[in-house]
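To keep things clear, I will list the structure first and then write my remarks on it.
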Amino acid sequence: MQPYPMLQSYLQDTWVTPTATHASAVAVRDAVTGETVCHVSSEGLDVAGAFDHGRRVVGPALRALTFHRRADLLDATAAAVRARREELYALSTRAGATLNDARYDIDGGIRVLRDYAARARAELPDVPHLVEGTAERLARGEDFLGVHLVAPAPGLMLQVNAFNFPVWAPLEKLAQAVLAGLPSVVKPATPTAYLTEHLVRIVTEAGILPPGTLQMVVGSVRSALDLLREQDVLSFTGSAVTAASLRTHPNLVARSVRFNAEADSVNAIVLAPDVQPGSPLFEAFVREVVSEMTVKAGQKCTAIRRILVPRAHEAAALDAISAELAGVTIGNPASEGVRMGAVVSLDQRDDVRQAVRRIAESGRLVHGDPDKVRVVDADAERGAFLDTLLVSADPDAAAPHEVEPFGPAATVLAYRDTAHALDLVARGRGSLVASAVGDDLAWTSLFVRESAPWHGRLHLMDSANMTQTTGHGSPLPALRHGGPGRAGGGSEMAGVRGVLDLMQRTALQASPRLLDSLRATHTRSSADPV
Ligand code: NAP
């Protein structure tokens with residue numbers, strides 16, 4: 001595979017090298033070996049030109065396509081990425097990902113494209129816009145009706161993405177943007193920008209998307225935020241701190257630029273009082289926790305950070321989770337038998353160590369050593385390796401509910417009674433997802449009623465569905481991804497609703513004749529744009 005010493009950006013349908021020198025650019029290191037993978041900078045890039053190209057050149061062509069033609073583009077893009085996914089798997093090892101982790105990111109991204117294509121064909125008409133619902137009579141007569149039109153906005157989507165899903169995140173956002181008729185400008189996070197760069201090469205080399213549908217700026221886009229306009233969307237994924245600073249950016253505020261934030265959150269799983277240690281449901285709970293801690297080395301925004309258990313079952317839970325963690329082989333993600341690779345960088349490793357120490361101040365470390373780890377086929381110091389870290393903490397302390405160790409770490413918190421458990425869950429101040437595990441319908445119903453407002457998604461596992469669950473940490477296209485409060489207050493996916501939310505919804509007051517004409521299904525002709 002070709003190394004990319006100075007990562008290029010893809011602007012106005014051309015690969016562009018920044019004007020930075022290696023000294024002024026950021027060096028990105030291999031998570032396993034510490035070697036330099038590439039350098040990243042946006043110095044000298046014409047981002048304003050790229051925005052203009054998206055809005056002026058491709059926007060009109062995309063908006064002219066019907067929902068079904070846009071869906072065809074997604075299917076063809078999914079096929080193109082699938083055909084070259086081995087290249088992305090191989091490159092993912094440099095970010096510390098095992099093959100399983102890479103599949104989560106890459107195959108997950110391909111699935112979202114396909115899923116959205118199928119949904120658009122099944123649920124949206126073959127026209128470029130949607131006349132929503134049934135028209136309402138607004139006057140005594142029959143000729144003055146009210147309805148909503150959902151039409152593509154003449155803007156672009158600026159995707160500012162986090163490092164942990166360099167393939168899934170741009171594809172998931174691209175799927176919704178293309179269906180909504182918006183061109184995308186992707187800004188990947190620096191530590192894994194080389195993976196998104198390779199994805200963009202695969203997609204653009206396939207020549208499927210109309211020119212300008214997908215552009216990419218590598219490096220900082222801070223000054224580009226001043227270039228966003230009223231019809232654009234800023235779709236952000238990353239930390240709560242960055243989300244807060246973008247939300248109050250003066251240009252975004254002044255122009256009411258649409259802003260969606262998917263931020264970090266301190267997600268919880270709650271073991272209900274009726275689940276007995278040693279039961280199959282208890283074992284499923286333990287497996288779910290360990291899977292969340294180890295898949296992608298715990299670097300998932302949805303990963304379980306807080307494990308709430310009834311006080312009577314605390315010791316059993318700590319023993320069972322520790323025993324399962326002890327069987328996890330850590331090391332070079334390319335080596336046989338390795339279940340968990342490295343976190344993305346040495347800085348990230350230091351952040352996790354620090355976060356775990358803060359949480360453990362009110363309790364103790366039960367499993368793992370933040371400073372030492374045994375690894376297979378790798379150098380534990382040069383690579384960003386971490387042991388799996390299980391903490392037992394005072395449930396009423398602040399840190400377990402506030403600090404997100406973005407790595408293979410989680411904290412067990414013992415609750416006194418249901419009211420205490422509900423209070424503790426809410427102390428995360430809003431999360432992407434929470435799980436409850438139990439068979440007691442009355443208890444789970446109460447949990448759902450009381451805690452739903454704090455979470456974007458609730459994953460409710462019982463003895464009947466425990467072998468079928470898609471898992472606590474997997475966002476699904478059919479369901480909302482996004483959570484209140486600390487999780488950013490945003491919303492993505494949720495089926496075609498997520499697409500329509502990226503478009504402009506305008507109330508129409510008109511005659512039935514006009515509404516029928518707007519609803520008329522498009523007939524394809526050979527003159528249609530691709
Ligand atoms: P981050 O530091 O907030 O960075 C996220 C993105 O924002 C990066 O592309 C970064 O670029 C960019 N950025 C940072 N400051 C900016 C500014 N002032 N203006 C414009 N762009 C700016 O987060 P991260 O470390 O990449 O990702 C890890 C975090 O993301 C975790 O906390 C995780 O929970 C969260 N996350 C949430 C979700 C979700 O769906 N809710 C998904 C994944 C991750 P540079 O890299 O160039 O600085």
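The values are calculated or read from the model by the stated rules, or taken from the named source; none is laboratory data. Note that the coordinates shown come from a computational prediction; the quantities given were computed from them, not determined experimentally. All Cβ positions, even for glycine, are placed from backbone atoms using ideal geometry, and neighbour counts span all protein chains on display. Side chains included, ligands, DNA and RNA excluded: accessible areas come from the protein's heavy atoms. Shrake-Rupley method; radii C 1.70, N 1.55, O 1.52, S 1.80 Å.
Filtering segment 31-66 to residues that are open to solvent by 20 Å² or more (accessible area, probe 1.4 Å) and part of a strand (DSSP E or B) leaves Thr36, His39.
Within the set Val257, Val266, Val241, Val270, the sole residue that is more than 8 Å from the ligand (Cβ to nearest atom), within 22 Å of the chain's Cα centre (by Cα) and under 21 Å from Gly407 (Cα atoms) turns out to be Val266.
Scanning segment 222-239 for residues that are of a type in the set (Gly, Ala, Ser) and more than 21 Å from Ser41 (Cβ to Cβ), which turns out least open to solvent (accessible area, probe 1.4 Å)? So the residue we want is Ser235. Under the condition of being within 11 Å of the ligand (Cβ to nearest atom) and in contact with a Leu (Cβ under 8 Å, 6 or more places away or on another chain), the residues counted in segment 244-254 number 3. On the given criteria, is His39 touching a Pro at 6+ places or on another chain (Cβ under 8 Å) and either in contact (Cβ under 8 Å) with a residue 24 or more places away in the chain or closer than 30 Å to Gly383 by Cβ (or both)? When the stated conditions are applied, His39 passes them. Just one of the listed residues (Val186, Val147) is away from the ligand (no atom under 14 Å from the Cβ) and touching a helix residue (DSSP H, G or I) at 6+ places or on another chain (Cβ under 7 Å), and it is Val147.
Considering segment 395-437, the residues that are open to solvent by 10 Å² or more (accessible area, probe 1.4 Å) and touching a strand residue (DSSP E or B) at 6+ places or on another chain (Cβ under 8 Å) include one that is nearest to Gln276 (Cα to Cα), namely Pro395.
Among the residues of segment 11-26, those identified as open to solvent by less than 40 Å² (accessible area, probe 1.4 Å) and within 16 Å of the ligand (Cβ to nearest atom) are Pro18, Ala20, Ala25. If you scan segment 50-81, which residues turn out to be among the small types (Gly, Ala, Ser) and either outside the structural domain of Ile208 (by TED's automatic domain parsing) or under 27 Å from the mean Cα position of the chain (by Cα) (or both)? Those that are among the small types (Gly, Ala, Ser) and either outside the structural domain of Ile208 (by TED's automatic domain parsing) or under 27 Å from the mean Cα position of the chain (by Cα) (or both): Ala50, Gly54, Gly59, Ala71, Ala76, Ala78, Ala79, Ala80.
Is one or more of the residues making up segment 135-152 crowded, with 17+ Cβ neighbours inside 10 Å and in contact with a Phe, Trp or Tyr (Cβ under 8 Å, 6 or more places away or on another chain)? No, segment 135-152 has no match at all.
Considering only residues in segment 258-273 that are assigned to a loop (DSSP other than H, G, I, E, B) and open to solvent by 10 Å² or more (accessible area, probe 1.4 Å), the one that is farthest from Ala434 (Cα to Cα) turns out to be Pro273. Step by step: first the residues of segment 86-99, then only those that are crowded, with 24+ Cβ neighbours inside 10 Å and among the small types (Gly, Ala, Ser), then the one that is nearest to Ile202 (Cα to Cα). Which residue is that? That would be Ser92.
Among the residues of segment 218-236, are any within 12 Å of the ligand (Cβ to nearest atom), in contact with a helix residue (DSSP H, G or I) (Cβ under 9 Å, 6 or more places away or on another chain), among the aromatic types (Phe, Trp, Tyr) and not in a loop (DSSP other than H, G, I, E, B)? Within segment 218-236, one or more residues are within 12 Å of the ligand (Cβ to nearest atom), in contact with a helix residue (DSSP H, G or I) (Cβ under 9 Å, 6 or more places away or on another chain), among the aromatic types (Phe, Trp, Tyr) and not in a loop (DSSP other than H, G, I, E, B).
Inclusion of Ser335 among residues that are in the same structural domain as Leu422 (by TED's automatic domain parsing), in a helix (DSSP H, G or I) and open to solvent by less than 40 Å² (accessible area, probe 1.4 Å) is not warranted.
Note on segment 1-35: among residues that are of a type in the set (Val, Ile, Thr) and within 26 Å of the chain's Cα centre (by Cα), the one that is nearest to Leu195 (Cα to Cα) is Val28.
Quick grid of which residues meet (1) under 30 Å from Leu346 (Cβ atoms); (2) touching a residue at least 24 places away in the same chain (Cβ under 8 Å); (3) buried (at least 24 other Cβ atoms within 10 Å of the Cβ); (4) in the same structural domain as Gly337 (by TED's automatic domain parsing):
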site: Val241; (1), (2), (3), (4): yes, no, no, no
site: Ser245; (1), (2), (3), (4): yes, no, no, no
site: Ala254; (1), (2), (3), (4): no, no, no, no
site: Leu281; (1), (2), (3), (4): no, yes, no, yes
site: Ile307; (1), (2), (3), (4): yes, yes, yes, yes
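In segment 309-332, the qualifying residues are those that are touching a residue at least 40 places away in the same chain (Cβ under 8 Å) and in a loop (DSSP other than H, G, I, E, B), and the one that is nearest to Arg416 (Cα to Cα) is Val328. Counting only helices (runs of 4 or more DSSP H) wholly contained in segment 425-530, the ones carrying 3 or more residues that are over 26 Å from the mean Cα position of the chain (by Cα) and in the same structural domain as Gly181 (by TED's automatic domain parsing) occupy 512-519. Exactly one residue out of Ala102, Ala79 is closer than 22 Å to Val203 by Cα and surrounded by fewer than 16 Cβ atoms within 10 Å (Cβ to Cβ): that is Ala79. Mind checking whether some residue in segment 192-202 is aliphatic (A, V, I, L, M) and either within 23 Å of Gly489 (Cβ to Cβ) or open to solvent by 20 Å² or more (accessible area, probe 1.4 Å) (or both)? Among the residues of segment 192-202, not one is aliphatic (A, V, I, L, M) and either within 23 Å of Gly489 (Cβ to Cβ) or open to solvent by 20 Å² or more (accessible area, probe 1.4 Å) (or both), which makes the answer no.
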